[in-house]
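Visitor: I'd like to ask you about the structure that follows.
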Amino acid sequence: MSENLHTLAAAYALDGLTDVERRRFETHLGDCDTCAEEVRGMRETATRLATATAQDPPAALRPRVLARVSRTRQVPPRVARPTSVRARRAGWMLSAACLVLAVVLGVATVREQRTKARVDALNHDIVAVMSAPDARTVSGPVRPGGSGTVVASRSLGKAVIVMAGLPRLSSAKTYELWVMGPKPPRGAGTMRPPAKGDPGPVLATGLGDATQIGLTVEPAGGSVRPTTPPIFTATLS
Amino acid sequence: MTVRHVAASVPDRPADSTNPRPSPLRIDRVDMSERRAARSWRSEPIGPGHETDLGDLLTHVARGDQGAFERVYDEVSGPIYGLALRIVRDPAQSEEVAQEVLVDVWRTASRYEPGRGSAMSWVMMLAHRRAVDRVRSAQAAADREQRVGRSAGPAYDEVAENIQVRLEREQVRRCLSTLTDTQRESVSLAYYSGYTYREVAELLKVPLGTIKTRMRDGLIRLRDCLGVDH
C-alpha cells in the first residue's frame, strides 16, 4: 500500500489529489521520513512554478485585507494531545484494515482463479472504505460459531464484511449476507468457508439508508429473500 | 551547451538573495515598492536569506502581530495574486481568492510547520488550494476547457514588473522547456489548470500510472534544473 501511495508524491506536491487521497497521503507522510524528504523537495519545486507567476495585486487589496485581518480571530496552534478516543479508534481501525488486507492477500494466494486485477480492485475499494473519515466498525459473534466484522462508511455507501471461524456447511447450503433496513432485505453476496481458513471479505455497496448487515444460511446458490432467521447482525450507526 | 548551463549563468541566484545592493541588472525606473516586491518574489526556499525572514515573520504573525503581517503581505501578495490569476483567470475573482488566502495566512499562521517546508511553500500551497477550489466549484466546464490550451506555463505576455521577476520567470520557463512535452503537459495541467492527476489522465486518455510517472519524472527534472535543494 505504501508503495502505491509513494508514487503519488509528485501529484501531491502539484496539489493534484482529491481531498480523500490527500488526507491518506498526509497520514502516510507522517510515518515515512524518506517520503517526507522527497515531497519537501517537490513542493519547493512547485513553489517555484507559483512564484514565477507573481504579479502586483491591485493597490486597493492591501487596505481591504488589513482591515479584514484586524477583525479576524486567529486559530490556536495544534498541540500534541494524549491519545484520544478518536486516535484509539483509528488504531483499532488500522488493525481491522490490516486484518482484512491479510485476508484478501490470503485469498489471492489460495484461490488462483481470482485474478490479480480483481484482487487489486477489491483491495482498492476496501482501503477506500477503511480510510473514509466516517468509517465505523461493528463486530459480533455468529450464533453457531465464529465472528463477524463490518466496517461501513455512510458517505461511500459501502461496507466491508469479514467473517471468521464460520462452521462448514453441506454442499446444499451457503451463507448469504443481506443489507437490511426500511426496504426489503437485499442480497450482498454469498460466502462459503474454504477447506482451510476463512472466506474472503465481501464488499456491500449502495447501503443507502440501510440499518443492518445480516447473515443467514440459504440453499446453495443463494436466495432472493432470506429464508431463515439471521445468525449474525451488525447494526450500522 | 545544455539548457541548464544557460540557467546557471543567469547572474541572479544565490548571491543576489543575500546582497542588499541593487543588482546591476535592475532597470532605473524601478521604484521602491517594486524593489521591495522584487526582493520578496525571489524564491530562494533553501537559502538563509529572506525565506528565514518570512518564516520568522509568520512566527510573529501567529502571536497576533499585525505589523509583521503587513510585511508578510508585501512579501507574498504578488505571488498569491499572480498564481490566482494564472489559475482562475478572471481578475476580480482572483482578487477575491488572494484576499481569502491572505486572511488565511493571518488566521492560520500558527499552523505553519517549518519542518515540513519553507514558509513560501506553505503560503503557496494555501493559495493553490484556494484558487483550485474556486475553479472546481464555481466555474463551468466549458470555461475550463478554454483554459487548457493556454496552460503550458506562466503567461509571459503579461507585463513583467521588474527584472528579477522576469529572470525568475525565464528560469522557470527554461527549465520547463527541458521537460518532455508529455511531462510538461501533465505538470502544467495539474499545477496551472488545477486538475487532479485522475482528471489529467482522463483528459489525455492515458493510464493513471503513466500520468503519475510523467508528473514524477517531470517534477524531478524541474527540481534539478532549478537547483532546488533536496
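Laboratory data are not the source of any read-out in this text; all were calculated from the coordinates shown. Given the structure is predicted, the values throughout are model-derived calculations rather than measurements. With ideal geometry, Cβ positions are generated from the backbone for all residues, glycine too; neighbour counts draw on all protein chains shown.
Visitor: Per-residue HN-Hα couplings for the stretch A:36-45, Karplus 6.51 cos²θ - 1.76 cosθ + 1.60 at θ = phi - 60°, whole Hz, x for Gly and Pro?
Guide: In residue order, the calculated couplings are 4, 5, 5, 4, 4, x, 5, 5, 5, 5 Hz.
Visitor: Sticking with this one: Mind checking B:187-197 for the average number of partner chain beta-carbons within 10 Å of each residue's beta-carbon? Walk me through the numbers on the way to the answer.
Guide: Numbers: counts 7, 2, 2, 9, 9, 4, 1, 3, 3, 9, 9.
Mean number of neighbouring Cβ atoms from other chains: 5.
Visitor: If packing is taken as the mean number of other Cβ atoms within 10 Å per residue, what is the order of A:124-136, B:101-113, highest first? The partial results should precede the final answer.
Guide: Values: A:124-136: 17.2, B:101-113: 20.1.
So the peptides A:124-136, B:101-113, ranked by packing, come out B:101-113, A:124-136.
Visitor: Amide H neighbours of A:Leu236 under 5 Å, at least 5 residues apart or on other chains, H built in the peptide plane: list them.
Guide: Counting only residues 5 or more places away or on other chains, the set is A:Gln212, A:Ile213.
Visitor: What ranking, highest mean first, results for peptides A:53-66, B:180-193 when packing means the other Cβ atoms within 10 Å averaged over each residue?
Guide: On the way: A:53-66: 18.0, B:180-193: 22.2.
Per-residue Cβ counts within 10 Å, averaged per peptide and sorted highest first, yield B:180-193, A:53-66.
Visitor: From other protein chains only, count the Cβ atoms within 10 Å of every residue's Cβ in B:216-223, then give the mean.
Guide: Numbers: counts 10, 1, 3, 12, 6, 1, 5, 10.
Across the residues of B:216-223, the mean count of other-chain Cβ atoms within 10 Å is 6.
Visitor: For peptide B:72-82, compute the average count of partner chain beta-carbon atoms within 10 Å of each residue's beta-carbon.
Guide: Working: counts 0, 6, 1, 0, 2, 7, 6, 7, 7, 7, 8.
So the per-residue partner count for this stretch is 5.
Visitor: Could I ask something else about it? So for each of B:84-91, A:198-205, A:10-17 I average, over its residues, the number of other beta carbons within 10 Å; can you give me the resulting order with the highest mean first?
Guide: Working: B:84-91: 22.5, A:198-205: 19.6, A:10-17: 25.9.
Per-residue mean Cβ counts within 10 Å order the peptides as A:10-17, B:84-91, A:198-205.
Visitor: Sticking with this structure for a sec: At 7 Å along the Cα-to-beta-carbon direction for both A:Ser139 and A:Ala59, put a label point, then send me their distance in nm to one decimal.
Guide: A separation of 6.8 nm, rounded to one decimal place.
Visitor: What's the local net charge at A:Thr235, with K and R +1, D and E -1, over the other residues with C-beta under 15 Å away? Display every interim value, and only then the final one.
Guide: Working: positive: A:Arg136, A:Arg154; negative: A:Asp209.
Net of charged neighbours comes to +1.
Visitor: Mind running the shape call on the stretch A:13-57? Use the C-alpha gyration tensor, a ≥ b ≥ c as the square roots of the eigenvalues: rounded below 1.5 for a/c, prolate if a/b tops b/c, oblate otherwise.
Guide: oblate
Visitor: Follow-up question, since we're still on this one. Using θ = phi - 60° and the Karplus form 6.51 cos²θ - 1.76 cosθ + 1.60, what ³J(HN,Hα) does each residue of the stretch B:185-197 get, whole Hz, x for Gly and Pro?
Guide: Computed from phi, the couplings for the stretch B:185-197 are 4, 5, 5, 5, 4, 6, 7, 8, 9, x, 8, 6, 5 Hz.
Visitor: Could you check the simple spin-label distance between B:Ser177 and A:Asp209, using points 7 Å along Cα→Cβ, in nm with one decimal?
Guide: In this crude spin-label approximation the distance works out to 6.3 nm.
Visitor: Does a label point 7 Å from the Cα of A:Ala164, set along Cα-to-beta-carbon, have any residues of the stretch A:119-142 with amide nitrogen under 12 Å, and which are they?
Guide: It comes to A:139-141, nothing else.
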